[in-house]
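S.K.: Have a look at the structure that comes next, please.
The values are calculated or read from the model by the stated rules, or taken from the named source; none is laboratory data. Everything numeric here is computed off the predicted structure, so don't read it as measured data. We place every Cβ from the backbone using ideal geometry, glycine too, and count neighbours over all the protein chains shown.
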């Protein structure tokens, strides 16, 4: 299998990332920090739906170990058009494990771009991290 690690992210995925960030910013401006992650997820999905963007919420990711498929509760918060993984947080401080979690989700789903968005920040830009494989 040829590695795509150094190839640019396709234009549609980049466009989707911009739309997701724009929608998340709108949610952040309206609601502000301090709410539960599930509230931000619901509102972000509402904004995506208003823009006609296809997505799935709480997508289960099975783990294959020793040729056995295990469903151990790994869930992507939002999978946008089967190409962009979005992991949401509403935490006071970002833990490095959150980035590791997103990288694992990207590897398991064979997706290349993920967004880690924390809504519990005073400055929205500081709450957004892009992860590319």
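S.K.: State all residues of the range 87-119 that are over 16 Å from residue 75 (Cα atoms) and in a helix (DSSP H, G or I); if no residue qualifies, say none.
M.R.: 96
S.K.: Just to be sure, is residue 50 more than 14 Å from residue 21 (Cβ to Cβ), exposed (fewer than 12 other Cβ atoms within 10 Å of the Cβ) and modelled with pLDDT of 95 or more?
M.R.: Yes.
S.K.: What pairs can you find where one residue is in the range 7-24 and over 15 Å from residue 81 (Cβ atoms), the other is modelled with pLDDT of 95 or more and part of a helix (DSSP H, G or I), and their Cβ atoms are less than 7 Å apart, with a gap of 6+ or different chains?
M.R.: As it stands, the answer is 24/44, since those pairs meet every condition given.
S.K.: Give the residues of the range 22-39 that are closer than 20 Å to residue 75 by Cα, out of contact with any helix residue (DSSP H, G or I) (no Cβ under 6 Å at 6 or more places or on another chain) and assigned to a helix (DSSP H, G or I), sorted by residue number.
M.R.: Result: 37, 38, 39.
S.K.: For residues in the range 98-127 being within 19 Å of residue 36 (Cα to Cα) and within 10 Å of the chain's Cα centre (by Cα), which is surrounded by the most Cβ atoms within 10 Å (Cβ to Cβ)?
M.R.: This residue is 117.
S.K.: Quick one: count up the residues across the range 76-97 that are surrounded by 14 or more Cβ atoms within 10 Å (Cβ to Cβ) and modelled with pLDDT under 95.
M.R.: Residues meeting the conditions: 1.
S.K.: Quick one: how many residues across the range 57-75 are loosely packed, with under 12 Cβ neighbours inside 10 Å and over 14 Å from the mean Cα position of the chain (by Cα)?
M.R.: Of the residues in that region, 10 qualify.
S.K.: Tell me yes or no: at least one residue of the range 48-70 is closer than 25 Å to residue 126 by Cβ and part of a helix (DSSP H, G or I).
M.R.: Yes; the residues of the range 48-70 include at least one that is closer than 25 Å to residue 126 by Cβ and part of a helix (DSSP H, G or I).
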